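Novice: Before I ask anything, let me first share the structure, which is written out below as structure tokens.
The values are calculated or read from the model by the stated rules, or taken from the named source; none is laboratory data. This structure is a prediction, so every number in the text was calculated from the model and none was measured. Using ideal geometry, Cβ is built from the backbone for each residue, glycine included, and neighbour counts are taken over all protein chains shown. Side chains are part of the model used for accessible areas, which takes the heavy atoms of the whole protein and leaves out ligands, DNA and RNA. Shrake-Rupley method; radii C 1.70, N 1.55, O 1.52, S 1.80 Å.
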There are 2 protein chains.
Amino acid sequence: MPDMTASKMPLFIACDDEEHDGPSERALREGAELMFFGYRSFTQDPDKILSELDYGRAHHRALHFIGTQPGLSVAELLDILDVTKQSLARVLKPLIDDGLVEQRVGENDRRQRLLFLTNDGVAFEERLSAPQRARLTRAFREAGPEAVEGFRFVLELMMDEEQRKQALTVIAGAKPL
Amino acid sequence: MPDMTASKMPLFIACDDEEHDGPSERALREGAELMFFGYRSFTQDPDKILSELDYGRAHHRALHFIGTQPGLSVAELLDILDVTKQSLARVLKPLIDDGLVEQRVGENDRRQRLLFLTNDGVAFEERLSAPQRARLTRAFREAGPEAVEGFRFVLELMMDEEQRKQALTVIAGAKPL
DNA sequence: CATTTATGTCAACGTCGCTGACATAAATTG
DNA sequence: CAATTTATGTCAGCGACGTTGACATAAATG
């Protein structure tokens, strides 16, 4: 361990001191702003499509998770989206009425309404996701596999323990292919 | 240019083909879900504080950018936030009324209202940012500098050219320290 | 049979986007 | 100087999406 006696230390530490024991102020602010601008870029394409129909971002989220985990129950979807039953209902009802989502009574538990995308629902979800996937594809390709690993690592670590578990469960539990 | 005649191409491409010319389906879906869950985690702490007062996420955004770029004009803030004048007004007025934001007439152009945080505004913004900074600090520390580079790289590449320019300008133009 | 669980629905509310229109003051330009 | 443009503020109204609290139904469970 190097000599760290006070006589060898600067009296004032620069605010943007990278040698300090953590990320610099600047790095933190940049990180926060990248989250803001990045997320906005990520959602803007589907938002544009949705706004032309009578849907919003919440409809996309529902379609996405029903699409990747067909047959999930309403309760499970509520848990993933972390919204109230009433909020979900306002999103789910139009999707069902418009023939994009289908409900089937659970086989084991006939109280449950299991959720599936119809063919139209699959098509619409893909139309919404396509520009996002294109964005991710381009970013992942240009950034390279190591950067992608870092991206995933940091975002995972941004979550609380419980949230991370839930997110990883959702990601892992999604229908293969 | 390599030979790409049909006879050398596989008839069917596996859905999760990592050897293909881009990120796998699975990687893309994971990326999308990490954006969703990560952003939610990132915003949840300040959201909780804000909801107890009469503010929302939009107030935090305004405070953040006024804080990092004191003296920006209303037009500049509109450009950063990418909302309408009316949307911003509804956010800005309460902040001014509550003494968190101060307006000063521009010296060169007296039509401009330059925006500054008051002492109370600085304190409140720091209170809101503290948990986010803690989150980022923890994630950056545990992930390590290389991962952080990847995180930033991927998020930057997620933006369109114009957006990226704007974001980098904002990040670079922020008040040093 | 009583309770709990899964779901749906109604009323009321708040935040935060939007559009379109109009007002004011200051800068700019012909 | 008069006309126009620019920077800002404000009004009315609307839509999406989140909230809470209460209540109803059907099915599972003890």
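Novice: Do you know which residues across segment B:33-57 are of a type in the set (A, V, I, L, M, F, W, C), surrounded by 16 or more Cβ atoms within 10 Å (Cβ to Cβ) and either at pLDDT 95 or above or assigned to a loop (DSSP other than H, G, I, E, B) (or both)?
Specialist: Scanning segment B:33-57 gives B:Leu34, B:Met35, B:Phe36, B:Phe37, B:Phe42.
Novice: Now for a different question. Go through segment A:58-73 and report how many residues are touching a residue at least 40 places away in the same chain (Cβ under 8 Å), surrounded by fewer than 19 Cβ atoms within 10 Å (Cβ to Cβ) and of a type in the set (Gly, Ala, Ser).
Specialist: So the answer is 2.
Novice: Being among the hydrophobic types (A, V, I, L, M, F, W, C) and more than 18 Å from A:Leu50 (Cα to Cα) is the filter here, so list the residues in segment A:91-123 that pass it.
Specialist: Once the filter is applied, which keeps residues that are among the hydrophobic types (A, V, I, L, M, F, W, C) and more than 18 Å from A:Leu50 (Cα to Cα), segment A:91-123 yields A:Val105, A:Leu114, A:Leu115, A:Phe116.
Novice: Taking the condition of being at negative phi, more than 14 Å from DNA strand C (Cβ to nearest atom) and of a type outside the set (A, V, I, L, M), how many residues in segment B:98-123 meet it?
Specialist: 6
Novice: If you take the residues in segment A:19-28 that are open to solvent by less than 30 Å² (accessible area, probe 1.4 Å) and modelled with pLDDT of 85 or more, which one is farthest from the chain's Cα centre (by Cα)?
Specialist: Checked segment A:19-28; the qualifying residue farthest from the chain's Cα centre (by Cα) is A:Ser24.
Novice: Quick check on segment B:66-91: of everything there that is within 17 Å of B:Arg111 (Cα to Cα) and within 10 Å of DNA strand C (Cβ to nearest atom), which residue is nearest to the chain's Cα centre (by Cα)?
Specialist: B:Leu78
Novice: Give segment A:76-90 a look and list any residue that's assigned to a helix (DSSP H, G or I) and either open to solvent by 70 Å² or more (accessible area, probe 1.4 Å) or within 16 Å of A:Tyr55 (Cα to Cα) (or both), or say none.
Specialist: A:Glu76, A:Asp79, A:Lys85, A:Gln86, A:Ser87, A:Leu88, A:Ala89, A:Arg90
Novice: List pairs: first in segment B:111-123 and at pLDDT 95 or above, second within 16 Å of DNA strand D (Cβ to nearest atom) and in a helix (DSSP H, G or I), Cβ under 6 Å, 6+ apart or cross-chain?
Specialist: Once the first residue is at pLDDT 95 or above and sits in segment B:111-123, its partners that are within 16 Å of DNA strand D (Cβ to nearest atom) and in a helix (DSSP H, G or I) give B:Arg113/B:Val74; B:Leu115/B:Ile66; B:Leu117/B:Ile66.
Novice: Of the residues B:Glu76, B:Glu125, B:Glu107, which single one is away from every other protein chain (no Cβ under 11 Å) and within 10 Å of DNA strand D (Cβ to nearest atom)?
Specialist: The unique qualifying residue is B:Glu76.
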